[in-house]
Amino acid sequence: MIGLMQHHPLLISSLIDHAAKVHQGAEIVSHMPGAPAHRCSYVDVARRARQLAQAVKALGIREGDRVGTMAWNGYRHLELFFGVSGMGAVLHTVNPRLFPEQIAYIVNHAENQVLFFDVGFAPLVAMLAKQLNSVRHFVAMTDREHMPDEAIPNLLCYEDLVGAQDGTLEWPVLDERSASSLCYTSGTTGNPKGVLYTHRSTLLHASLACMTDGMAMSARDMLFMASPMFHVNAWGMPYACALSGASMVLPGSGLDGASIYAAMKTERVTVALGVPTVWMGLQQHVATQGLKPREDLCIERVLIGGAAAPRAVVETFANEFGTRVLHAWGMTETSPLATLANPLRKHRDLTTEQYVTLQAKQGRVPYGVQIKLVDDHGKELPHDGQAVGHLLVRGHWIASGYFRAEGGAILDEEGWFDTGDIATIDADGYMQITDRAKDLIKSGGEWISSIALENAAVGHPCVAEAAVIAIAHDKWQERPLMLVMRRPGKDVSKEELLGFLADKVASWWLPDDVLFVEELPHTATGKLQKMKLRQMYGGHRPSSG
Ligand code: ADP
């Protein structure tokens, strides 16, 4: 028997309509280079998203067509998130920091019909335009006055397009399983692959972000979006903020410590999210400037994901900012939020120290996501915090395949997706990543966690960042090599660092050598680029043998 409750498809357009009606007082603050902060409300975003949708339709875009963006965090990008998906087209957020050949590959693979771009990317767009076969219109996300000088074919102006429409469009009632947005994984192995989100998966994921044991996003929050909106669908935040009525700071490309601190202070930011390197930059800025975040800021929680949160970063937030870190794990294929290290009732009385320790783990799954561990032969492993295995995931906002069937079937017979991550899960369900399968160091048949070594090293006051990779060894097959970037003006020797690590990891985990480097390479989304490091240093042989 079918029940007698109303059925409304879960659509992205319903989020912005809700926010415009119910959360009129919330603010969207955008920082653009060289201009005063731009302020608007969800009412403005909703109106302009409709105008934009009309404009996109007028350009000949139909439901299901892909519309690309190459842009930083700002209100126009937010309008595109709602306008493009709302009218039934698919928003494809292109990562502009990828190699130009990769950008051309993914724009062509996605068959983007229109490409919206920040004026700062005009030189890149001009250079690539000829190779972008499917793109019929290039739209500069600015007004007439600030149009780029570059020669770009079929160039249009965002404000002209939006201004020409009256905003009277009715959002179409789509099937909630319709594609809403598209993000490519960075493709560390092989070509980038497209993850195609649905309206339904996006709304369910947004609901999770608003749950207390999610990110607890609410109408009392001001979010600082320290992750670029082109990374994993903006971590789902435009949707979660519209759903909950949270205000947002969209900082353009200003993700350096000084800009973040200033914005957090002025805008009374309560919650922020980003990868660890961004937070290391902020904390370094606070240390070198002798700032007083406890007095200046009211930041309650910082969600760290994308790479493992180093203990030192969690500790500094706790002790110097009075801020709780919430460690989370996910990937492009998981929308991204899949586990979060929220505490349980039994953790109510944890000391700061114990809370920091809890945040070493990437956390528990919410309703809607399931995880399990298997060994190399697919046999399920116990959740005892000891067994280390391949992390498999399935759920409402987990990919079922890649766009245009790239990579073939990605789920096993029971619908599990192999994340490529190696992890443990403890009896309370807290998952901890030990490595990415492709970054594993296998020494004499045993796994050494590069993440654990890196995090321990970052705990040393002279270490800004550390990366650990495998190097070949005659006897043990592989041994760890540590590459260290010192903090400016600080000095530490290999012997001192190894001595510091000695009581933090098993003795046979200690790196065979430590090399000090000026800089460590990062991926387009701010993660350590291990593949490049392996190319650069994989042949290194420690002098001591
Ligand atoms: P890419 O890194 O290829 O650009 P993603 O952003 O999808 O693509 O990265 C997902 C991967 O990032 C995960 O599979 C995992 O290896 C790593 N990751 C994400 N969050 C964490 C975390 N909190 N701790 C450790 N690793 C993480």
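Just a few scattered comments:
- If you take all other residues with their beta carbon under 10 Å from the beta carbon of Phe317, and give Lys and Arg +1 and Asp and Glu -1, the sum is 0.
- For GluC sites (Glu not before Pro), the sites in the range 474-545 that DSSP calls loop and that have at most 16 other Cβ atoms within 10 Å are Glu518, Glu519.
- Binning the C-alpha pair distances of the range 441-537 at 5 Å intervals from 0 yields a P(r) profile of 2, 14, 26, 25, 20, 10, 3, 0 %, listed from the shortest bin outward.
- Over 25 Å (Cα to Cα) - which of Lys475/Lys530; Lys372/Lys532; Lys193/Lys438 fall in this group: Lys372/Lys532
- Distant-in-sequence amide H partners of Leu515 (H built 1.01 Å from N, under 5 Å): Met482, Leu483, Val484
- Residue order, fewest to most surrounding Cβ atoms within 10 angstrom, among Cys298, Cys157, Cys183: Cys298, Cys157, Cys183
- Centroid-to-centroid separation of the range 50-68 and the range 343-404 [C-alpha atoms, Å]: 39
- Rg to Rh quotient for the range 11-99, alpha carbon positions, Kirkwood Rh: 0.99
- Ratio of Rg to Rh over the range 173-281 (Cα coordinates, Kirkwood Rh, two decimals): 1.01
- Reach of Lys292 by Cα under 13 Å, taken over aspartates and glutamates that are not fewer than 8 positions away in the same chain: Glu320
- From largest to smallest, the equivalent ellipsoid semi-axes obtained for the chain from the alpha-carbon gyration tensor read 38, 26, 25 Å.
- Taking a straight Cα-Cα cut-off under 20 Å and skipping sequence neighbours fewer than 8 places away in the same chain, no lysines fall within cross-link reach of Lys130.
- Hydrodynamic radius by Kirkwood, which averages 1/r over all alpha carbon pairs of the range 302-416, in angstrom: 15.9
- Cut-off under 5 Å, modelled amide H: who pairs with Arg66 long-range: Val90, Gln113
- Asp421 long-range amide H proximity, modeled H, under 5 Å: Leu391, Ala437
- Over the range 323-482, Cα pairs under 8 Å with separation of 6+ residues give a relative contact order of 16 percent.
- Taking every C-alpha pair closer than 8 Å and separated by at least 6 residues, the mean separation divided by the residue count of the range 95-159 gives a relative contact order of 31 percent.
- Summed side-chain charge close to Arg144 - residues other than Arg144 whose Cβ falls under 13 Å, Lys, Arg +1, Asp, Glu -1: -4
- Along each principal axis, Cα extent of the range 12-254, largest first, Å: 47, 42, 36
- Ascending count of other beta-carbon atoms within 10 Å, so fewest first, for Glu333, Glu150: Glu150, Glu333
- Every helix of 4 or more DSSP H residues in the chain counts as -39500 (n - 2.57), and over all residues that averages to -8000 deg cm²/dmol at 222 nm.
- Each Lys or Arg adds one and each Asp or Glu takes one away; over the other residues whose Cβ falls under 15 Å from the Cβ of Thr288, this sums to +2.
- Of all lysines in the structure, not one has an alpha carbon short of 20 Å from that of Lys21, not counting any fewer than 8 places away in one chain.
- Taking the chain and dividing mean pair separation by its residue count, relative contact order in percent (alpha carbons under 8 Å, at least six apart): 10
Read-outs: derived from the displayed coordinates by stated rules, not from any lab. Note that the coordinates shown come from a computational prediction; the quantities given were computed from them, not determined experimentally. Cβ sites come from the backbone with ideal geometry, for glycine too, and all protein chains shown count toward neighbours.
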